[in-house]
Amino acid sequence: MSDDKDVVIKEYTAPAGGWGSMKGMSRILPKEGISPDLLDALRRQNKPEGVMCVSCAWGKPAKPHIAEFCENGAKATAWELTGLRVTPDFFQQHTVSELESWPDYDLEQAGRLTHPMRYDAATDKYVAVGWQEAFDAIGTTLKACDPTKVVLYASGRASLETSFMYGLFARMWGQQNLPDSSNMCHETTSVGMKNAIGSPVATIQMEDYDKCDAIFAFGQNVGTNAPRMLHTLKDCADRGVEIVTFNPLRERGWERFADPQNPVQMAGGKPTQISSQYHQVKAGGDIAALLGMCKYVIEADDRAVAEGGARVLDHHFIEQHTVRFDEFATFCRNAHWDEIVHESGLSRNAIEGAARVYAKAERVIAVYGMGITQHRYGMDSLYMLINFLLLRGNIGREGAGPGPVRGHSNVQGQRTVGITEKTELAPVERLKELFEFEPPTEKGWDTVEACREIIAGTAQGFVQLGGNFLRATPEHAAMKKAWANLPITVHIATKLNKSHLVPGKQSYILPCLGRMEQDMQASGRQAVSMEDSFSHIYGSVGKATPAAETLLSEPAIVAGIAKAVLPPNPNVDWNAWVGDYGLVRHAIENVYPDKFANYNERLFEPGGFWKGNPAAHREWQTESGKAEFNVPRALNSSGFAEKDGRFRLVTLRSNDQFNTTIYGYDDRFRGIKGTRMVVMMNRADILRLGRNDGDTIALESDADDGVERVVDGLRIVEYNIPEGTIAGYYPELNYLIPLEHHALESHVPAAKSVPVRIRT
Ligand SMILES: Nc1nc2c(c(=O)[nH]1)N[C@H]1C(S)=C(S)[C@@H](COP(=O)(O)OP(=O)(O)OC[C@H]3O[C@@H](n4cnc5c(=O)[nH]c(N)nc54)[C@H](O)[C@@H]3O)O[C@H]1N2
Ligand SMILES: Nc1nc2c(c(=O)[nH]1)N[C@H]1C(S)=C(S)[C@@H](COP(=O)(O)OP(=O)(O)OC[C@H]3O[C@@H](n4cnc5c(=O)[nH]c(N)nc54)[C@H](O)[C@@H]3O)O[C@H]1N2
Ligand SMILES: [Mo]
């Protein structure tokens, strides 16, 4: 029931994949019982006409492997198809205050929610309520609110169909407070890439990995967070592609991999070495590392020009397709190596070694994750990554380009179909024309803004379509206090989580079908669809028996709320849409004809259908009409100065979790077992503090705002991590992140470089 399992800290020497992943899977599965539904779901996972995994957003190949799932996808599937149930009886046995004290792991273990529930303050318990009664009561309360003060959050799992309905509901109600989990995740990509190259998403597709000859990887933990990508990387490594990784931690997936589907490797053959170079940058050190590489390449080109040698830059591309190169090049030439070395934490030699790989490669892909986006100057890191690619024309041609690895399985798609707080990203004119209402034009709230309003007590209600907002957001102590004062909280969810257990004045849990489950409606079995990191869109058909007969589908619940809140509109027939999701797709196609032409017909195309990307063929939809170089505003993205006793805390995921869902206490690749309450620390830092490996300490906020934020009971784990950078797990450490410590323009909480000190 708690975090005090047998703690074992021991270096893990095996590769990613291999028998370890088999054990990782089997450790989770038997507890849950292997049901025929689970086997069927795994067999059909990520295959054409199959069911799309609820875990990560990695692409689903047109020609899948026999088992196109990974250890962590299997865990996510097993836990969705668990035989355990959270029934009205369960809620009778436990008060909400009691449940709130349970660890996230125990809440997840309790099983699937089965009945709509209403919070009863008198008994401090959730009690069963009928669906219609719930919708009516929610409708009555929401109608009395100022719609522009209610938050309609979406976590990136819900399908394109549900998300479209949800966004439409918000706008018909007169608001667009539609923060998405993307606001805590790749929003830096969406804002920064749009500014720099006119496309908010990856320009590459899966096939580009077959054609690249170098990969530069920044701040992403492939072995845990997108394990199916390991197959792609292995194929690349086998072809001799150079893989150069930048990460403060030596993440096993970027080091070596044994393919569980390769009999030779499983029989003890040599695992594949993934990275040919591995650079342990400091937290926030990517701007400087990229700057060093850009400087090297630009100066090599200067020499080539002077000596009449072969050019190193793609100067044709630069002239024809970009702006502000000269300004950027001057900045790089003037940069000092001592500063670059200090800010990156890497030697000049190491950076030049990486730059030489870049200068030699014909086609380069840059992949990245939260290590780039979740920083105060995350946008500058991202701009540097784009600058770096532009220097040799590595955007908009085969085998080259930026490849952000998205988080939730449909997080990118939700943005595509209107889950956005930004008017300019919403298809306002089309909505007006097709559904005959006046969409709002006032910008809605993003995640940080929603948190501000909640803390200030001005938010009047919170609806969450999936997710665990309270647990996932920063400034946890203040958020928790304020959350309880919300006039109404409504949770559309499959599993119980902490956000549900700090009820607002009124609170409802509305349990929904999971993606693996059969969704029968008036017109028969329904499919839903999602978009992956490569902008490919796939249909997904659930076949498992629903966890309870009382569950409704997500579209049905969204429609139920919409009908209870909105006056009837003859152009939106919510009931017909719920009866046949093909009609929702038809509406999506009407709103976005370019991206979704023949949506229903193409739903099951192997490998998904591509929604297209102008930057992929060098059409730059930017302000200047060109790809833009940007000079960074800082050399380190952390956004705070270094000083004695201050650390940069990286908060990240273990191998046994999906965001706030904790599947277990074994972070296998990092060799940390039995506890999540750790802080990974360099040996020199431990000695300097006069502490020992295994000591228990408290971390406190070292932000300059004077607010006290503390997490106690953390065990020091001596770890291979740069001095001054420390790491621990999210969400436990979210108490330590100030709300205003976020990426400047995108408002992504800066979870990868949080200023903290050890409490003495
Ligand atoms: N199994 C599983 N899969 C998942 C998830 C999950 O929780 N579990 N979550 C999903 C979601 S929503 C997302 S967004 C993705 C997240 O996937 P990732 O982007 O991999 O996110 P994190 O686990 O937070 O790890 C960030 C990585 O960045 C590194 N890093 C930290 N700071 C820096 C820095 O300053 N510079 C560099 N270069 N590296 C840095 C860390 O060491 C770590 O390897 O995964 C998705 N897939
Ligand atoms: N410190 C720190 N904070 C972070 C991060 C970090 O790296 N460090 N990462 C950030 C990132 S990248 C993200 S994306 C956010 C994640 O934030 P969220 O997306 O809000 O959180 P999740 O943990 O993914 O949500 C899990 C819950 O979703 C519900 N759920 C699961 N499946 C379904 C379904 O099919 N339908 C519905 N309706 N509900 C379902 C379950 O109730 C489950 O408890 O956290 C962010 N917060
Ligand atoms: Mo994410």
Residues of segment 359-375 being more than 16 Å from ligand 3 (Cβ to nearest atom) and buried (at least 24 other Cβ atoms within 10 Å of the Cβ), in sequence order, are VAL364, ILE365, ALA366
What are the residues in segment 195-248 that are charged (D, E, K, R) and closer than 20 Å to ASN46 by Cβ, if any? GLU207, ASP208, ASP210, ARG228, LYS234, ASP235
When residues of segment 364-386 are filtered for being over 16 Å from ALA616 (Cα atoms) and in a helix (DSSP H, G or I), how many remain? 12
Flagged in segment 64-102 as within 13 Å of ligand 2 (Cβ to nearest atom) and β-branched (Val, Ile, Thr), in numbering order, are THR77, THR82, VAL86
In segment 171-191, which residues are crowded, with 24+ Cβ neighbours inside 10 Å, farther than 18 Å from LEU470 by Cβ and within 16 Å of ligand 2 (Cβ to nearest atom)? HIS186, GLU187, THR188, THR189, SER190
Unmet criterion (only one of (1) over 18 Å from HIS65 (Cα atoms); (2) surrounded by fewer than 24 Cβ atoms within 10 Å (Cβ to Cβ); (3) more than 16 Å from ligand 1 (Cβ to nearest atom)) for ILE243: (3)
Please pick out the residue among ALA170, ALA154 that is within 16 Å of ligand 1 (Cβ to nearest atom), outside the structural domain of ARG676 (by TED's automatic domain parsing), of a type in the set (Gly, Ala, Ser) and in contact with a strand residue (DSSP E or B) (Cβ under 7 Å, 6 or more places away or on another chain). ALA154
Could you identify the single residue in GLU642, GLU619, GLU623 that is surrounded by fewer than 20 Cβ atoms within 10 Å (Cβ to Cβ), in contact (Cβ under 8 Å) with a residue 60 or more places away in the chain and under 28 Å from VAL281 (Cβ atoms)? GLU642
Out of curiosity, is ALA158 at negative phi, buried (at least 24 other Cβ atoms within 10 Å of the Cβ) and out of contact with any Ser or Thr (no Cβ under 6 Å at 6 or more places or on another chain)? yes
Count, please, the residues in segment 312-363 that happen to be free of Cβ contacts under 8 Å to residues at least 12 places away in the same chain, assigned to a helix (DSSP H, G or I) and among the polar types (S, T, N, Q). 4
Does segment 566-580 contain any residue that is of a type outside the set (S, T, N, Q), under 24 Å from GLN45 (Cβ atoms), modelled with pLDDT of 95 or more and assigned to a loop (DSSP other than H, G, I, E, B)? no
List the helices (runs of 4 or more DSSP H) that sit entirely inside segment 64-142 and contain at least 3 residues that are of a type outside the set (Lys, Arg) and over 27 Å from the mean Cα position of the chain (by Cα). 88-93, 96-100
Scope segment 387-409; condition more than 16 Å from ligand 3 (Cβ to nearest atom) and either among the polar types (S, T, N, Q) or assigned to a loop (DSSP other than H, G, I, E, B) (or both); matching residues: ASN387, ARG392, GLY393, ASN394, ILE395, GLY396, ARG397, GLU398, GLY399, ALA400
Just to be sure before I move on: is PRO593 at pLDDT 95 or above, over 26 Å from SER529 (Cβ atoms) and not β-branched (Val, Ile, Thr) in the structure I sent? no
Suppose the filter is in contact (Cβ under 8 Å) with a residue 40 or more places away in the chain and touching a Phe, Trp or Tyr at 6+ places or on another chain (Cβ under 8 Å); does LEU583 pass it? no
Check whether at least one residue in segment 206-218 is β-branched (Val, Ile, Thr), buried (at least 24 other Cβ atoms within 10 Å of the Cβ) and under 30 Å from MET25 (Cα atoms), and report yes or no. yes
Does PHE218 qualify as being aromatic (Phe, Trp, Tyr) and within 14 Å of ligand 1 (Cβ to nearest atom)? yes
So, in segment 718-760, exactly how many residues are more than 16 Å from ALA703 (Cα to Cα) and not aliphatic (A, V, I, L, M)? 14
Of the conditions (1) over 25 Å from VAL54 (Cα atoms); (2) within 16 Å of ligand 3 (Cβ to nearest atom), THR447 satisfies every one except a single condition; which number is it? (1)
Checked segment 173-189 for anything out of contact with any strand residue (DSSP E or B) (no Cβ under 7 Å at 6 or more places or on another chain) and within 16 Å of ligand 3 (Cβ to nearest atom); matches are SER182, ASN183, CYS185, GLU187, THR188
Restricting attention to segment 202-216, does a residue exist that is within 16 Å of ligand 3 (Cβ to nearest atom), not aliphatic (A, V, I, L, M) and not assigned by TED's automatic domain parsing to the domain that holds LYS563? no
Condition test on GLU68, is it in contact with a strand residue (DSSP E or B) (Cβ under 7 Å, 6 or more places away or on another chain), within 29 Å of VAL201 (Cβ to Cβ) and touching a residue at least 60 places away in the same chain (Cβ under 8 Å)? yes
Scanning segment 49-63 for residues that are assigned to a loop (DSSP other than H, G, I, E, B) and either within 16 Å of ligand 2 (Cβ to nearest atom) or polar (S, T, N, Q) (or both), which turns out surrounded by the fewest Cβ atoms within 10 Å (Cβ to Cβ)? VAL54
A careful count of residues in segment 360-394 that are more than 13 Å from GLY192 (Cβ to Cβ) and touching an Asp or Glu at 6+ places or on another chain (Cβ under 9 Å) gives 12
Considering only segment 115-155, how many residues are of a type in the set (A, V, I, L, M) and crowded, with 19+ Cβ neighbours inside 10 Å? 9
Can you tell me which of ARG356, ARG348, ARG311, ARG333 is within 21 Å of TRP254 (Cβ to Cβ), assigned by TED's automatic domain parsing to the domain that holds VAL281 and surrounded by fewer than 24 Cβ atoms within 10 Å (Cβ to Cβ)? ARG356
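The values are calculated or read from the model by the stated rules, or taken from the named source; none is laboratory data. Keep in mind the model is a prediction, meaning the values are calculated, not measured. We place every Cβ from the backbone using ideal geometry, glycine too, and count neighbours over all the protein chains shown.
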